[in-house]
1. With a cut-off of 8 Å between alpha carbons and a minimum separation of six or more residues, what is the relative contact order of the range 3-301 in percent?
2. Relative contact order (percent) for the range 165-244, with alpha-carbon contacts under 8 angstrom and 6 or more residues of separation?
3. In whole Å, how far is the Cα centre of the range 39-67 from that of the range 94-119?
4. With θ set to phi - 60° and the Karplus curve 6.51 cos²θ - 1.76 cosθ + 1.60, what are the ³J(HN,Hα) couplings of the range 104-115 in order, to the nearest whole Hz, using x for Gly and Pro?
5. With contacts defined as alpha carbon pairs under 8 Å and 6 or more residues apart, what's the relative contact order of the range 7-51 in percent?
6. If we count other beta carbons within 10 Å of each Cβ, what is the order of Asp34, Asp97, fewest first?
7. When a footprinting reagent is the concern and you count Cβ atoms within 10 Å, what order do Met267, Met261 take, fewest first?
8. Can you sort Phe250, Phe123, Phe36 from fewest to most other Cβ atoms within 10 Å of each residue's own Cβ?
Amino acid sequence: MPKLVNLGSLCIDHVYRVPTIAGPGESMASRSYDVFAGGKGLNQSLAAARAGAAVAHVGCVGKDGEWLRDVLAAEGVDASGVRVADGPSGHAAIQVDDAGQNAIAVAGGANRALGEEDFERAFGQIAPGDWLLLQNEINDLPIVLDEARRRGCAVAFNVAPVDGREAHYDLASVNLLIVNEIEAAALADGQAVPREAARLLRERVPNADIVLTLGSAGLIHAGPAGVSELPAYAANAVDETAAGDSFIGFFMASVLAGQPMPEALRMGAAAGALAVTKAGAASSIPAIGDVRALIAERAAAS
């Protein structure tokens with residue numbers, strides 16, 4: 001069975017529930033405060049594992065984040081490649097408002113301390129048929145992308161969050177490029193019209209399928225057959241944190257299982273919709289039974 005090797009971030013999420021997202025110069029009392037396991041990499045590994053994929057996670061935490069390895073291992077993820085380094089783990093400060101929208105500030109911490117040994121550990125686990133999954137929360141991505149090209153690895157790259165580095169990436173080794181509207185615009189010369197941005201990204205990376213997520217507006221897929229759209233599954237949003245990561249994990253698990261692109265996208269979309277109905281990041285990732293039930297329910301209603 002093919003596996004997913006995630007060279008990805010791990011964070012400790014500090015979540016503050018607020019009436020509205022605080023603006024510049026504004027102080028606001030938080031209604032609650034919670035600490036969750038998070039980081040785009042960890043969330044995506046958990047989601048893929050819950051969707052039934054074999055997952056190996058390679059990354060770096062500080063001593064304050066050793067428990068994040070246990071979170072991965074408890075879900076069946078091979079976390080033997082998560083190294084403990086000096087200094088703090090990655091941290092995120094997350095505001096979540098009454099509409100479920102969020103604002104996130106991330107400190108990279110140990111996620112920016114990856115080195116040659118970590119990269120080799122990731123590539124050493126990739127066999128024919130496996131996929132390498134990346135996010136934009138780790139360091140030295142040009143080195144990783146170049147090595148992936150040299151080794152002929154299948155690469156899925158979630159270019160999130162954008163921070164200026166992405167403008168200089170050579171994406172020739174990428175087979176699946178997964179972005180939201182902001183990330184797509186950053187990679188497509190500022191193009192703010194999502195469908196046009198997807199088309200431009202397909203021209204820039206002609207060997208890659210482009211998946212552009214639009215939250216409650218659904219998604220756009222640009223591939224060999226052209227550009228298509230998929231509506232979102234309606235959901236009552238409590239917290240949007242990790243919705244995109246849930247999408248990616250379930251989507252990648254379906255890709256690994258050999259599902260056609262439309263079915264894989266539907267699995268991801270349903271998982272993302274369910275994720276917004278619960279608070280937290282890793283804690284909001286749904287079970288595969290619930291995702292399948294949502295798809296069946298909506299199919300029966302249509």
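1. 18 percent
2. Rounded, it is 23 percent for the range 165-244.
3. 13 Å
4. 10, 10, 10, 9, x, x, 5, 5, 9, 10, 5, x
5. 50 percent
6. Least crowded to most crowded, the residues run Asp34, Asp97.
7. Ranked by crowding around the Cβ, least crowded first: Met261, Met267.
8. In order of increasing Cβ crowding within 10 Å: Phe123, Phe36, Phe250.
None of the figures in this text is laboratory data; all of them are computed from the coordinates on show. Note that this is a predicted model, so its numbers are computed, not measured. Cβ: placed from backbone, ideal geometry, glycine included. Neighbour counts: every protein chain shown.
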